[in-house]
1. I need to check one value: relative contact order of the range 62-108, counting alpha carbon pairs closer than 8 Å and at least 6 residues apart, in percent.
2. With an 8 Å Cα cut-off and a minimum separation of 6 or more residues, compute the relative contact order for the range 7-47 in percent.
3. Scan the range 1-80 for trypsin sites (Lys or Arg not before Pro) in coil per DSSP, keeping those whose Cβ has at most 16 other Cβ atoms within 10 Å, and list them by number.
4. Binning every alpha carbon pair distance of the range 62-108 at 5 Å from zero, what are the percents per bin?
5. Identify the GluC sites (Glu not before Pro) of the range 1-91 meeting these criteria: DSSP loop state and at most 10 other C-beta atoms within 10 Å of the C-beta.
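Please treat every number below as a calculation from the coordinates, not as lab data. Treat the numbers as computed from the prediction; the structure is a model and nothing was measured. Every residue, glycine as well, gets a Cβ built from its backbone with ideal geometry; the counts of neighbours run over all protein chains shown.
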Amino acid sequence: MGKPLPMALRERVAAFVDEGHGHREAARRFRVSPRFVNELMKLRRETGSLAPRRQGHAPGWGKLAPHALFVRERMATSGEATLDELCVELEGRGVVVHRSSVGRLLHRLGLSHKKNAAGQRAGASRHP
């Protein structure tokens, strides 16, 4: 993801448009895209500020966040469950997810495991 353009440039572009110039003319003059000028002016109308919006996804675990406690308890009781088995159990709870999403959730919960060079599990760090 690219970095937001500097505030000084944003202010100059907005001031140029406020003087009565068109968006495309401002884009040519400041060597930015017409879409940037359009979005900048829209941002100012909506928020009253030229500051860039936050980039990326909001923090959180998406649709699996409400089910983290269930997954933690499930892993504590059985100890061994494949990602596919967890996907099926979550589907029974009304959540359809890919196995990679469940794997990332397990990793965030500290329930993932690594294998050592012999292909065996390396220690019992599955239970915090």
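1. Details: 22 pairs, mean separation 18.8, N = 47.
Reported relative contact order: 40 percent.
2. Details: 22 pairs, mean separation 13.9, N = 41.
Here the relative contact order equals 34 percent.
3. Numbers: sites: 10, 12, 24, 28, 29, 31, 35, 42, 44, 45, 53, 54, 63, 72, 74; in loops: 31, 53, 54.
The qualifying sites are 31, 53, 54.
4. 5, 22, 42, 26, 5
5. Working: sites: 11, 19, 25, 39, 46, 73, 80, 85, 89, 91; in loops: 19, 80.
Of the GluC sites (Glu not before Pro), the ones in loops of the range 1-91 whose Cβ has at most 10 other Cβ atoms within 10 Å are 19, 80.
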